[in-house]
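Some notes on the structure that comes next.
The values are calculated or read from the model by the stated rules, or taken from the named source; none is laboratory data. Everything quoted here is computed from the prediction, not taken from an experiment. Positions of Cβ are generated from backbone atoms using ideal geometry, with glycine treated the same way; all protein chains shown enter the neighbour counts.
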């Protein structure tokens, strides 16, 4: 000890105050505004949905115009020829009568060569045109059977019901395979779930006959 100074045995470096750790650099720019990005993404999604809806409507509008054009071409054929073509596709006389909007006896008379009204002849041509369009554009095989098949399992509504109700645009929407069948039925009848619900179903029994049983909901 000298001059009143007490030596601690530590050198000058150790006696210095420890320097603080360096700070990380602050990133330039503001942090992402996630709420703003979410709003932009939502707006973009809405625009995409509107665009999809508009293009879907445009597609169906073009299909309807082509259907009308083809109907005009097919109506050049006489009624017996139109009926034979529909039968060759697999349509039953009962279904043909319903699609044309007449009775089965009326169809039978036309088959024998009796004259049909111009409207009935055009209606028959329109069914044939719709069938041809659906086969060609949407690759539906056995188009008559497709018309007769239930749109949604468990409900008896078919494309025949849509067409006979004068809503052919719904038939074409269904044929595209891009529309939700349940949405198509809601456009046909908003109350279809309750109105057409049945607690029974037809099935093929062991002997090959048809029978009715309660559904297993």
Quiz item: Is there a residue in segment 88-100 that is over 24 Å from residue 175 (Cβ atoms) and surrounded by fewer than 15 Cβ atoms within 10 Å (Cβ to Cβ)?
Solution: no
Quiz item: Any idea which of (1) surrounded by 13 or more Cβ atoms within 10 Å (Cβ to Cβ); (2) out of contact with any strand residue (DSSP E or B) (no Cβ under 7 Å at 6 or more places or on another chain); (3) farther than 16 Å from residue 67 by Cα is the one residue 128 doesn't satisfy?
Solution: (3)
Practice problem: Could you tell me whether residue 133 is closer than 15 Å to residue 97 by Cα, modelled with pLDDT of 95 or more and surrounded by 15 or more Cβ atoms within 10 Å (Cβ to Cβ)? | Solution: no
Practice problem: Take segment 181-196 and flag every residue that is under 13 Å from residue 152 (Cα atoms) and either outside any helix (DSSP H, G or I) or in contact with a strand residue (DSSP E or B) (Cβ under 9 Å, 6 or more places away or on another chain) (or both). | Solution: 196
Exercise. Go through (1) under 27 Å from the mean Cα position of the chain (by Cα); (2) surrounded by fewer than 18 Cβ atoms within 10 Å (Cβ to Cβ) and name the single condition residue 123 misses.
Key: (2)
Self-check item: Filter result (crowded, with 17+ Cβ neighbours inside 10 Å and in a helix (DSSP H, G or I)) within segment 139-163
Solution: 143, 144, 146, 147, 159, 160, 161, 162, 163
Quiz item: Within segment 54-63, can you find the residues that are touching a residue at least 40 places away in the same chain (Cβ under 8 Å) and either touching a helix residue (DSSP H, G or I) at 6+ places or on another chain (Cβ under 6 Å) or over 16 Å from residue 175 (Cα atoms) (or both)?
Solution: 60, 63
Quiz item: Restricting the search to segment 94-119, which residues are in contact with a helix residue (DSSP H, G or I) (Cβ under 6 Å, 6 or more places away or on another chain) and within 19 Å of residue 73 (Cβ to Cβ)?
Solution: 99, 100, 116
Practice problem: Show the residue pairs that are 6+ apart or on different chains and have beta-carbon atoms under 8 Å apart, the first residue being within segment 166-183 and on the phi < 0 side of the Ramachandran plot and in contact (Cβ under 8 Å) with a residue 24 or more places away in the chain, the second being surrounded by fewer than 21 Cβ atoms within 10 Å (Cβ to Cβ) and outside any helix (DSSP H, G or I). | Solution: 173/179; 175/140; 181/151; 181/152; 182/152
Quiz prompt | Flag if residue 83 is within 21 Å of residue 175 (Cβ to Cβ) and touching a residue at least 12 places away in the same chain (Cβ under 8 Å) | solution = no
